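Worksheet: one structure, shown below.
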Amino acid sequence: METETAVKYGTFKYGDGTKYGLSAIPDLTSDGEVVWIVSIDWDGTGYTNEADNLTALSGFCGAEHYVGYSGDGFESFQPAKYTLTMTDHDRRYDALNADSPLYPYVMPGRDAQIAVYIRETGATIPLITGTITDIQPVSGREEVTIVIEDGMRDLDTDVSIGIVSNATIDQCIGLTLDAAGWNGARNLRTTNQPVQIYSAESEKALDLVNSLAMANLGSFFVDRNGRATFYPISYRSTTVTTLTQDLLLKEIRQPQPWEMVRNSITVIANQKAKRPGSVIWSIGKPLEIGAGDTVTFGQGFDLSTGISQPRPYTDYIANMASNGSGTDVTDQVTVLFSSVYDQETLMSIKNNTAASAWILKLNLLGHKIVNCPEPSRSEDATSIAYFRRKRTLKLDNPFLQDRQFASTYAGWIKDFLKDPKRAPVIQIRQRPSVQYALYLMDRVNLSVTSRDIDDTLTIRGIRHEWQNDTGQDVLTTVYLADMLYNTTEITPEPYVPGDEPVSEVPFTDIPPYIDPYDPLDGLPITINPPNLGDSCLWTDAETNGPFSTTWTPLTGLTNRNDVASEMERFIWYPCTLRKGNAINPSYITVDATWWIEQPTLVHDESNAWWHVDAIDANKNVLCSGTIENITAFKRKVTFRPTNAVEIAGFRVWIDGLGIYGFDPTEIQTDTLSSTDTVGTLLTTTVGKYYACESAGGPFDITNPNGACYAGNIKDTTRISGGFGYIRVDGMQLGNGTIGLHCEAVGTKYGRIYFKALANTYYRAYDYNNDSYYADNSGNTSFILYNASNAGAKTLSLNTVRAFNVCGTGIL
């Protein structure tokens, strides 16, 4: 072990009024390897070195882990914190001692820095720059503990930020620092990741900046020089230190290989949408205001924008009686709000009459901002099988709001964490030129042959602990991890897709329509088409719109042939459609992706699979729309009902027809008795697709009930071993579970597509074990072909806008 020398700093003495700046180095009259510097600005005039009284020190910065053990994403950096033990025999650090040279400035909030001077290299290295957060005497001993924390602790304060649209992650971090009063240096790397809507209402600035950084899979911290620092996922330090076994203590802690594995990833895109104009707050009961009085009160509401001043009669009504039976005095009462904010306002109501007045109605109007979460999932089947379980990670971050980033991150995280990762914890002792130079986010080329380690890893956390009272023997613990890094640029989705302007929805007194079926968090949807009387429905009525409908994202609306699929979505938008012979008929535009897998994604220009209906509140179809192509991503859907019709909204759906094909080369054919319930084993391979055609006897494939008979058989022929329930336009081939899809072939044959999951037989079916098959007569034949599943139809809807529609209640 190397020789210790009891030195913290040189001949500098306290009490003579001498002070110095952070860059100053004390006189070095002894031969200690490390000179400790504890600089504190007690009174705002300069820094004093308190290191001579330092007898113990421990500190930590960063985080001990990278991947969260709870499965909720990744761990953020925490405020750096150092705890110092100081001798205090002369009560220098006693806040009540008027004889102390530091009196009356011994208190938290004083700027401070801890640094080390390395004699071997001549370098002064700061370990933390921050402020004193606590000073406490040690009971029964002439000592005090002083706690110093970095600037992240200063961000542990409530901030409120008004709505900001379409800013980037780094810009939002900057706005948050501004709101918290941060006046220090900044090192915020840029990123193009958007935050559609950013706001805060009495939230901790520290929580906000950490969440913003994590939304980018990046890191936020205050560095050892006191700079607020943000590194995005695309950042990788160029500082690389090589550490070998001879520089380390033998003890190296490593997590088990599976601890960091995550093979089932879910990333939520918390998209934001603006509701049509509606009532965002209403008075609960009549409010009495004395003669000539003014009542002022604060009122909170859901996050909203476009808040308008209340209008007499439209938004508020006043009367001399609480039940409305008295004289109307609305025009003698003024209602104003001031200090309007995104979630609260200060409202003032003045009664200008000579008697008490009652406020019977008072509404505040605006556009609610709502969250529309959409998950992206990515799994690795090989990893799940190897580890015998799904090891999940879910990233649900309020500021990860773009679907492209969410879906891309899900794939990146899965690819990165599906296999074991190293996260060793190493220790260094009495290597001052090495242990103090290491810092957060720097990289280490770690080579330890005895532990089969040869990796370049990133520093996630550092802990320094004095082992004696001179500070010459210090144990440094370094927490390393392999961190996700990717420089691929992701193109954000447009926040408002499409190129046509969107009209602001006019405010209306019509009560909001509450959707009982498709609630989108149960929020009301206000009727927004113009109520211009029946003139809006005239044959030659002018065009109107576009109007914003309910913003309901439909990503995930698919028809996949061999798995359960979502087939429909509802857009609740109460309005009246014009009669079909109108010169300017009612229509909607649909901005979406219209994909078919064949097997790669291609646009469907035929519109053969997609359908849009106008529906009532019970989801009954009132009329269907005709779809026309505008662009690859935009469709126009025109409605021409026989008569003008009042609707509750629209249904967007994908039909149930599978996209299948088959090879016309026969691979098997046979004939069997129509009473044969054992049947013939089909020549199949588990997991592959097949098509089976069957027929027999004179009967057509028609029936009033839609059943598809095959041959002179009382009950339907069955292919067993398939799965799924299929129905094609009312015609069913067989009863119940018979395959993935069926179709008529001419008038005497049926073709069933199925996926072989086990041995599959062609046989007669004993319906409900009632022996009906015994009444069958004749034979039935079949032909078996190889088939294919050509993929899935996927519709991801972004925006629906209405044109030439009218308000309700005018028919």
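For Asp342, state whether it is in a helix (DSSP H, G or I) and either of a type in the set (D, E, K, R) or at pLDDT below 90 (or both).
Working: in a helix (DSSP H, G or I): no; either of a type in the set (D, E, K, R) or at pLDDT below 90 (or both): yes.
It is false that Asp342 is in a helix (DSSP H, G or I) and either of a type in the set (D, E, K, R) or at pLDDT below 90 (or both).
Quick one: in region 290-306, which of the residues that are closer than 30 Å to Ser202 by Cα and free of Cβ contacts under 8 Å to residues at least 60 places away in the same chain is surrounded by the most Cβ atoms within 10 Å (Cβ to Cβ)? Spell out how you get there, then give the answer.
Filtering region 290-306 down to residues closer than 30 Å to Ser202 by Cα leaves 294-306.
Next, only the ones that are free of Cβ contacts under 8 Å to residues at least 60 places away in the same chain stay: 294-298, 300.
Values: Thr294: 13, Val295: 15, Thr296: 12, Phe297: 10, Gly298: 11, Gly300: 10.
That would be Val295.
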- Query: Take the residues of region 272-289 that are buried (at least 17 other Cβ atoms within 10 Å of the Cβ) and of a type in the set (Val, Ile, Thr): which is farthest from Arg801 (Cα to Cα)?
  - Reply: Ile289
- Message: Show the residue pairs meeting these rules: Cβ distance below 9 Å; 6+ apart or different chains; first residue within region 626-645 and free of Cβ contacts under 8 Å to residues at least 40 places away in the same chain; second residue surrounded by 19 or more Cβ atoms within 10 Å (Cβ to Cβ) and of a type in the set (Lys, Arg).
- Response: Ile627/Arg635; Glu628/Arg635; Asn629/Arg635
- With the condition kept exactly as written, say whether any residue in region 125-145 is outside the structural domain of Leu208 (by TED's automatic domain parsing), more than 29 Å from Asp156 (Cβ to Cβ) and among the polar types (S, T, N, Q). no
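Go through region 447-461 and give me each residue that's in contact with a Pro (Cβ under 9 Å, 6 or more places away or on another chain) and under 14 Å from Glu251 (Cα atoms). I'd like the intermediate steps shown before the answer.
First, the residues of region 447-461 that are in contact with a Pro (Cβ under 9 Å, 6 or more places away or on another chain): 448, 451, 453, 455, 457.
Across region 447-461, the qualifying residues are Val448, Arg451, Ile453.
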- Query: Given Ser348, Ser383, Ser407, which one is under 13 Å from the mean Cα position of the chain (by Cα) and either of a type in the set (S, T, N, Q) or farther than 18 Å from Phe74 by Cβ (or both)?
  - Reply: Ser407
- With the first residue restricted to region 316-336 and required to be under 14 Å from Lys350 (Cα atoms), and the second required to be surrounded by fewer than 17 Cβ atoms within 10 Å (Cβ to Cβ) and of a type in the set (Phe, Trp, Tyr), Cβ contacts under 9 Å at 6 or more apart or on different chains are Thr330/Tyr313; Asp331/Tyr313
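State which residue is surrounded by the most Cβ atoms within 10 Å (Cβ to Cβ) when the search covers only region 614-654 and only residues that are in a strand (DSSP E or B) and acidic (Asp, Glu).
Glu646
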- Inspect all residues belonging to region 183-195 and state whether any of them is part of a loop (DSSP other than H, G, I, E, B), within 19 Å of Ile490 (Cβ to Cβ), touching an Asp or Glu at 6+ places or on another chain (Cβ under 9 Å) and of a type in the set (D, E, K, R). yes
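Could you check how many residues of region 232-254 are in contact (Cβ under 8 Å) with a residue 12 or more places away in the chain and in a helix (DSSP H, G or I)?
2
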- Query: Picking from Leu393, Leu446, Leu457, Leu400, which residue would you name as being within 21 Å of the chain's Cα centre (by Cα) and in a strand (DSSP E or B)?
  - Reply: Leu393
- Note on the structure: Quick count over region 66-94, residues being within 30 Å of Asn210 (Cβ to Cβ) and surrounded by fewer than 18 Cβ atoms within 10 Å (Cβ to Cβ), is 6
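So in region 354-369, with the set limited to residues that are modelled with pLDDT of 85 or more and among the small types (Gly, Ala, Ser), which one is nearest to the chain's Cα centre (by Cα)? Break it down into steps so the answer makes sense when it comes.
Of the residues in region 354-369, the ones modelled with pLDDT of 85 or more are 354-363.
In the following step, the residues that additionally are among the small types (Gly, Ala, Ser) were identified as 354-357.
On the way: Ala354: 55, Ala355: 54, Ser356: 51, Ala357: 48 Å.
Ranking the candidates gives Ala357 first.
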- Message: Every residue in region 59-74 that is more than 20 Å from Ile40 (Cα to Cα) and out of contact with any helix residue (DSSP H, G or I) (no Cβ under 9 Å at 6 or more places or on another chain), please.
- Response: Gly62, Ala63, Glu64, His65, Tyr66, Gly68, Tyr69, Ser70, Gly71, Asp72
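How many residues, within region 274-304, are assigned to a strand (DSSP E or B) and modelled with pLDDT of 75 or more? If you could, list the steps in order and put the result at the bottom.
Here is the first cut: in region 274-304, the residues assigned to a strand (DSSP E or B) are 274, 278-282, 287-289, 294-300, 304.
From the residues that got through so far, the ones that are modelled with pLDDT of 75 or more too are 279-282, 287-289, 294-297, 304.
Counting residues in region 274-304 that are assigned to a strand (DSSP E or B) and modelled with pLDDT of 75 or more gives 12.
Given the options Val138, Val144, name the one that is out of contact with any helix residue (DSSP H, G or I) (no Cβ under 7 Å at 6 or more places or on another chain), at pLDDT below 95, over 28 Å from Ala437 (Cα atoms) and hydrophobic (A, V, I, L, M, F, W, C). Before the answer, list the steps.
Details: Val144 fails: at pLDDT below 95.
Criteria check complete, one pass: Val138.
The values are calculated or read from the model by the stated rules, or taken from the named source; none is laboratory data. Because the structure is a prediction, the values reported are computed rather than measured. All Cβ positions, even for glycine, are placed from backbone atoms using ideal geometry, and neighbour counts span all protein chains on display.
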